[in-house]
Amino acid sequence: MSGAKPQGTMLGHPTGLFLLFTTEMWERFSYYAMRAILVLYLVDKVQSDGGHGLGWNQADAISLYGTFTGLVYLTPLLGGWIADNILGQRKTIMIGGALMALGQFTLAFPHSLVPGLETEMFYLGLFTLVIGNGLFKPNISTMVGDLYEEGDHRRDGAFTIFYMGINLGAFFGAIAVGSIVAYYDGNFQVGFLTAGIGMVLSLIIQMIYAQKLLGDIGTVPAAKLEKQKNADKGEVRNEPLTKVERDRIKVIMVMGLFTIIFWAGFEQAGGLMNLFTKDFTDRFIGTWEVPTTWFQSLNALFIVIFAPVIASIWIRLGSKEPNSPVKFALALFFLAVGFLFMIGAVLELGGDASSKSSMWWLVGAYFFHTIGELCLSPIGLSMVTKLAPLRIMSLMMGAWFLFIAAANKIGGVVGSFIGHTGTAEEQLANAMGIFAGIAITAVVSGIILYFMADKLVDWMHGAESSNHEHTATEAFEEEIAVTAEHEAIKH
């Protein structure tokens with residue numbers, strides 16, 4: 001390393017934090033703009049029939065969506081390893097970002113220029129996006145932590161600021177792409193082009209300011225730095241797991257199974273619920289029609305508003321604060337409540353697929369799903385860091401994200417039960433069955449987990465004991481920081 005140090009501060013934080021904030025905001029703008037229109041593009045009519053899509057049936061489109069989002073959680077394991085052992089975070093981020101921009105522009109390639117190869121171009125673009133995402137995703141949030149020395153109290157606030165950038169990008173990405181696609185009469189290629197431009201902006205900002213504002217952070221692979229530290233401390237122990245460690249790993253595995261159930265339901269947002277919004281929801285406010293993709297921004301908006309509220313509630317409960325398994329159970333119950341709203345939307349149609357349900361059913365569903373997410377997502381990340389043995393921490397964190405990857409694929413399979421063929425009424429009835437099935441599964445799972453909670457806490461062997469030396473303010477900041485770190489990885 002050359003010894004170059006980050007320059008300057010802003011609002012009491014290293015200026016580099018705001019560079020990473022902006023880089024991640026535009027990257028998330030790009031990703032969520034693409035994600036919001038992916039299924040809609042697949043099911044739209046082909047160009048020869050007056051559409052701008054690939055003409056897939058809904059079941060195949062949702063299944064593909066599940067595969068794609070599942071891979072989004074798998075490839076960061078490889079990207080993190082490459083950054084840690086070979087390239088360093090900064091180079092890995094730039095390569096990943098360039099591949100993501102290339103993938104977006106490949107998706108944006110006009111069909112008229114590649115007659116007969118539209119599907120091949122689509123798969124090429126999606127493959128490039130998955131690889132690029134894997135290189136980019138795990139390394140930006142790691143660099144946020146590297147801005148601060150160990151024990152620096154500003155780290156918690158830094159992740160909170162970074163987390164706001166993530167959700168601002170997610171919010172405006174869905175809003176912007178929906179507006180632009182609507183303006184260009186449903187041309188999804190223009191939407192993918194918009195996403196690609198967002199990714200290019202992210203790269204340009206990082207390229208121009210990284211050395212000035214980040215110094216040498218992220219330029220040296222972490223494995224080299226760790227090897228230097230280990231040389232000073234002596235040989236790292238290589239012992240078998242103790243009984244306490246095995247019990248704690250069992251908790252992670254059990255909770256991971258319930259995590260799959262939650263995310264398989266939650267991820268209907270970009271698939272089945274997205275199609276329900278397009279086909280069966282009255283999106284008119286007066287004479288103006290709300291773009292379908294705008295509803296994809298509700299999750300990010302609710303997270304920004306309610307994450308501090310939920311964190312504050314846990315702190316105010318003090319000794320009555322629920323343990324992690326009970327919070328997971330609450331998340332499953334909130335997920336079920338959200339799908340009760342979707343059931344209400346279907347019932348309002350009365351079996352008539354030509355009717356439209358109120359958009360407020362969707363707003364309610366997204367609200368309760370987000371509250372459930374806030375009861376589970378940050379808690380899960382915190383739990384893994386508390387329970388996993390230090391010497392296999394990265395392995396266990398990787399396993400945790402494998403659960404989420406599996407959930408995304410399962411969610412795609414579940415959503416595909418809407419059917420490949422059949423009338424709109426039949427598909428509406430299938431949607432009703434899916435919503436009800438997820439709600440029932442979530443409630444039953446939540447009840448089972450609630451009654452397992454005491455046993456799981458026993459297996460934690462005191463890992464959830466409160467540290468009474470912390471002030472309420474410190475505890476609140478830590479809760480928000482954990483939420484922020486998980487959002488950094490999740491998004």
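Tabulated results
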| item | result |
| --- | --- |
| Radius of gyration and maximum dimension Dmax of the stretch 421-466, Cα, Å | 18.7, 56 |
| Label of the coordinate-derived value, Kirkwood radius over Cα pairs in Å, listed as [x] 24.2; [y] 23.4; [z] 25.0 | [y] |
| Within the accessible area of the chain (1.4 Å probe), percent carbon and sulfur | 64 percent |
| Mean Cα-pair separation over length for the chain, i.e. relative contact order, pairs under 8 Å, 6 or more apart, % | 25 percent |
| The chain: calculated mean residue ellipticity at 222 nm from DSSP helix runs of at least 4, using -39500 (n - 2.57) | -25500 deg cm²/dmol |
| Selection from I418, F284, P240, by position along the positive dipole direction of the chain (Cβ) | P240 |
| Base-10 log of normalised Debye intensity for the stretch 1-143 (one unit scatterer per alpha-carbon) at q = 0.11, 0.13 Å⁻¹ | -0.50, -0.66 |
| Burial order of peptide ranges 454-464, 341-351 (average beta-carbon count within 10 Å, highest first) | 341-351, 454-464 |
| Bins of 10 Å, starting at 0 and running to the largest distance - Cα pair percent for the stretch 265-394 | 12, 36, 28, 16, 7, 1, 0 |
| Peptide ranges 99-110, 244-255 listed from the most packed, as the mean C-beta count within 10 angstrom indicates | 99-110, 244-255 |
| Residues with amide H under 5 Å from that of T9, placed H, sequence gap 5 or more | T15 |
| Only Lys, Arg (+1) and Asp, Glu (-1) charged, at Cβ; the chain dipole about Cα centre in debye | 800 debye |
| Part-to-part distance (alpha-carbon centres) for the stretch 29-71 and the stretch 257-328, which is given in Å | 21 Å |
| Packing-based order for 30-36, 132-138, using average beta carbon neighbours within 10 Å, highest first | 30-36, 132-138 |
| The stretch 19-36 - phi-based ³J(HN,Hα) in whole Hz, Karplus 6.51/-1.76/1.60, Gly and Pro as x | 5, 5, 4, 6, 4, 5, 4, 6, 5, 5, 4, 4, 5, 6, 5, 5, 4, 5 |
| In Hz, Karplus ³J(HN,Hα) per residue of the stretch 270-276 (6.51, -1.76, 1.60; θ = phi - 60°; x = Gly, Pro) | x, x, 4, 5, 5, 5, 4 |
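The values are calculated or read from the model by the stated rules, or taken from the named source; none is laboratory data. Since the model is a prediction, treat every value here as computed from it, not as a measurement. Note: ideal-geometry Cβ built from the backbone for every residue, glycine included; neighbour counts use all protein chains shown. The area values use the complete protein model at the heavy-atom level, side chains included, leaving out ligands, DNA and RNA. Shrake-Rupley method; radii C 1.70, N 1.55, O 1.52, S 1.80 Å.
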